[in-house]
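Undergrad: One structure, as structure tokens, below. Some questions next.
No value in this document is a laboratory result; all are computed from the given coordinates. Just so we're clear, the structure is a prediction, and the values are computed from it rather than from any experiment. Counting neighbours? That spans all protein chains shown, and the Cβs are built from the backbone with ideal geometry, glycine included.
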Amino acid sequence: MNTLDEKDLVQENVPLGIIGALVGSLIGVAAIVLLGQLGFVASLAGVVMAVCSLKGYELLAKKMSVKGIIICAVIIIVMTFVAEYLDWAITLYRELNEYYDGVDFLLVLQNLPEFLKEADLVGSFVGSLAVLYLFVALGAVPTIIGAFKEQKPSEASAALQENYYVNQDAVSGRIPAQEDYYVNQEPVSQPVPPQETYDADREAVSQPWDGEVPNA
């Protein structure tokens with residue numbers, strides 16, 4: 001007999017899942033910034049962002065659903081922008097420090113859009129962000145597909161379980177309850193008549209015939 005998978009009995013813990021997705025996204029932010037500052041293609045870290053966020057949600061929520069995917073997608077979109085923004089701010093801060101002393105990083109971070117406009121780098125920033133989102137999608141789509149493939153056997157198991165019991169009812173019938181047994185027994189096993197009724201009927205049958213024919 002088929003049994004339900006343990007995943008079918010697990011309830012999705014959305015609050016813990018959000019925490020897991022945020023922790024995973026922070027790993028992605030660190031990867032994007034670190035690779036960018038080391039001179040590697042930071043876009044490759046977008047795959048890390050997507051995978052860590054989705055797996056972080058699934059790990060703590062114990063289950064992945066459409067709701068979980070939407071939550072993770074929002075977190076990934078926001079945190080990817082934060083990572084790219086932070087990477088550009090650090091890069092600009094390091095370049096400004098080569099020409100000016102005492103540059104405040106927080107000032108650069110707060111005024112990055114203005115610096116990009118003055119340096120005519122807005123297009124470069126948008127293009128770099130678009131490529132990063134592309135790599136994020138490349139990492140997110142296979143992860144989402146894999147999560148749903150893991151759930152499909154459980155759903156199929158549940159369907160087989162339900163069909164099994166339905167077919168068993170049709171073939172072998174259900175075990176009748178005790179009250180059904182007694183109800184069905186009543187027409188067959190009539191109660192024994194009282195002793196006086198039995199004696200009266202016996203006396204009427206055993207009396208000798210007096211030769212008279214009863215009137216119709």
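Undergrad: Of the peptides 49-58, 115-124, how do they stack up when ordered by the mean number of other Cβ atoms within 10 Å, highest first?
TA: 49-58, 115-124
Undergrad: Taking a cut-off of 23 Å between Cα atoms, list the lysines near K149, but don't count ones fewer than 8 places away on the same chain.
TA: Excluding near neighbours in sequence, the set is K7, K55, K62, K63, K67.
Undergrad: So, one more: For region 14-81 and region 123-147, what is the separation of their Cα centres, given in Å?
TA: 11
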